[in-house]
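These notes concern the structure reproduced below.
Each reported figure results from applying straightforward, stated rules to the coordinates on display, with no laboratory input. Quick caveat: nothing in here was measured; it's all calculated off a predicted structure. Methodologically, a virtual Cβ is constructed for each residue, glycine included, from the backbone with ideal geometry; neighbour enumeration extends over all protein chains shown.
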C-alpha cells in the first residue's frame, strides 16, 4: 500500500504556482546555457573544449538550483501542517512517525527529481557536443546532486520541526544550506598547508560541501589551493558525510514527530528594571543594548510604524545584530591580519575581495528576511486593516517600515569597516578604492532592500514572499557570477561586463581589483543601473501600497 503522505505531499507541491514557475524557469535556463554555445556553422569541435565550457556552467547552475530552490518546499512542510491544524490529525492517525517522515521526504524528493528531469534535454545536448564522458562526468554529476537533494531535504524537514513560523523556516533553512554548502569551504583556504587539528577539521568541512566535489568534477579543484599542493578528489568523503548526516537528520526528525511539538514552554521573563540595584548596574555595564530593559515611550519625532517594527519582529532585534556586526568585524580583521602577516599568500586585494563578498552575502541573506514581510506579514495577520484605520497616510506607514530595515542593514554595512581601515593603514594609496567600494556596498544594500520589499509586497503569504525574494536575489547576485565563471568561454567580455553591471557586486570587486575582475570597467555604469532598478522597485512598491490601501 502506498504511503498516503507521499501522494498528498507531492501533489500538494505540484498544485502551487510557485512549483510551476520553478519548473518553467529552470527549463528555460538550462536550455539557454546550451544554446549559447551550440555550433551553428556545421563544424564540430573535436577537442571538446566547447562542450567542457558549457558543462562547467551547466554544473554550477544545476548545483545552485539544488541548493537554493529545492529546500524551500520541505522547509515549510511541518510548520504549515502545524499552523493549519493538520499535523495533530496526522499524529493521531494510524501512521507512525517514521511513515509520516518517509512520506514527507519521498514527496519532496519526487518534486526535486522532477526539477532535475527538466535539465536532462540540456544535459543530452551537452553530451552530444562531444568531449563529455557519460559516466565519469554526467553520471557522477547527477549522482552527487541526488545525494545533495536527500541531505538538504532532510535538513530542511528537521528545521521545520523547530521553528514557529513559515518565514522563519525559510530563513533558517537558507542560512543553513549556505553555511554547509558554500561557507564550509572557507576555513580550508585559510588553513591549508598547516599542521594540527584545525586544518584537518577545515579539510573535513570542505569535504562535506557539494561545491568541492563539483569543482573537482569540472576541473576547478585547484582554485584557491596552494601551488605546491596536489589535492585528491573528496567524493568518497562527501558520500560518507552526506549519508551519515542524512541518517542523523531523518532519525532526529522522526523522534520529534510527537505531541511534544505542541508543548512549547514559554519563559515568563524578567524585566531589568525589576531587578536588584547591583543586577541592574551589572547588566547596564556589560550590555550595550539590554533586551530585558523596559522600553521608553515613543518620542513625538519618531515614526511609530518604525518603532513598532523594531519592537515586535522576532528577527533582527538590535542586540543580536550588534553581536553579528561584532563577529563580522573580528572576522574582517582576522582576514586582513592573515594577509599582512603572511599566514596566507593572497595579498591585500584578494583579502579585500573576500571582505566584499562577505558583506554582500550578509546583506543578501539577512535583507530578504527583514524586507520581504513588511507588507505581506501585515496582510496575512490582518494588521494591515488596523493600520489603515489609523490617521497615518499609507506612505508614512511605508516610510516607517522601510526605515526599520534601512537602519538594520546599515549596521550590517559596518561589519567589515575595521578591515578596510587596516587595509588603508597598510596601503594608504588604496583609500580611493575603499571609498568607491563603500559606495558600491551602500548601493547593494539599497538595491536589496528595494527589490525585496517590492517583490514581497506582491504576496499575501509571508513564507511565499520570503522564498520568492530569496530566489530573485540569488538569481540577481549569483547569476552574474556564474556568467563571470564562463568568461571568454562561452561568454564574451562584453557579455560578462553587461551581466556584472546588473548589481553593484561586480563593480565593487573590479574596483578593489580582485583576481579575475580587474579587467572589467563597471563603475559608474553599474551604479546607474543599480540606482534605476532600485528606483523602479521603489515605485512599484509605492503603487502596490497605494492599491491595497484604497477603500474596498
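Relative to the compact-globule estimate of 2.2 N^0.38 Å, the Cα radius of gyration of region 61-129 comes out at 1.50.
As a size descriptor, the averaged projected area of the C-alpha convex hull of region 407-510 was calculated at 8.2 nm². For region 4-259, what does the alpha-carbon gyration tensor say about shape, rounded, prolate or oblate, given a ≥ b ≥ c as the root eigenvalues, a/c under 1.5 as rounded, and a/b over b/c as prolate? Because a/c hits 1.5 or more and a/b fails to exceed b/c, region 4-259 counts as oblate. The residue 248 and residue 16 beta-carbon pair, evaluated with R₀ = 35 Å, returns a calculated FRET efficiency of approximately 0.75. Counting beta carbons within 10 Å around each of 540, 440, 450 and listing the fewest first gives the order 540, 450, 440.
Normalised radius of gyration (Cα atoms, divided by 2.2 N^0.38 Å) for region 449-552: 1.29.
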